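Notes for the one structure printed next.
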Amino acid sequence: MLMSFANTETASAADIIALNAARELGEALEAIGIALPSLRAEANVNGVGFVNLGGCPADAAYTLAHWIRDHA
């Protein structure tokens, strides 16, 4: 689940960057059949956008590790 900002006028640039990064990562992972159920943007930390990858099932971690290894 991604964090959303009710009022983008009050969201900082870092918050918007984090939201977009989390969304893009979620879409990219979904394209290869991986879901990180806890993936979300969080409030920025010291002015830097922050994406929390959260936990995931072990099978998703294995799939992601193998995909990265095969495409590195």
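The values are calculated or read from the model by the stated rules, or taken from the named source; none is laboratory data. Treat the numbers as computed from the prediction; the structure is a model and nothing was measured. For neighbour counting, all protein chains shown are included, and Cβ atoms are generated from backbone atoms with ideal geometry for every residue, glycine included. Heavy atoms of the whole protein, side chains included, go into the accessibility calculation; ligands, DNA and RNA do not. Shrake-Rupley method; radii C 1.70, N 1.55, O 1.52, S 1.80 Å.
Numbers for the structure displayed
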quantity: Dipole of the chain [Lys/Arg +1, Asp/Glu -1 at C-beta], most positive-end residue of ILE16, ASN44, ALA61; calculated: ALA61
quantity: Rounded accessible area per residue of the chain, 1.4 Å, Å²; calculated: 69
quantity: Isotropic mean projected area of the C-alpha convex hull, the range 18-70 (nm²); calculated: 3.8
quantity: Nearest-ten-degree value, helix 13-31 long axis tilted from longest Cα axis of the chain; calculated: 20
quantity: 0 to 90° range, to nearest 10: angle between helix 58-71 axis and the chain longest Cα axis; calculated: 80
quantity: Within-15-Å neighbourhood charge of LEU39 [Cβ basis; K, R +1; D, E -1]; calculated: -2
quantity: The range 16-72: relative contact order as a whole-number percent, Cα under 8 Å and 6+ apart; calculated: 32
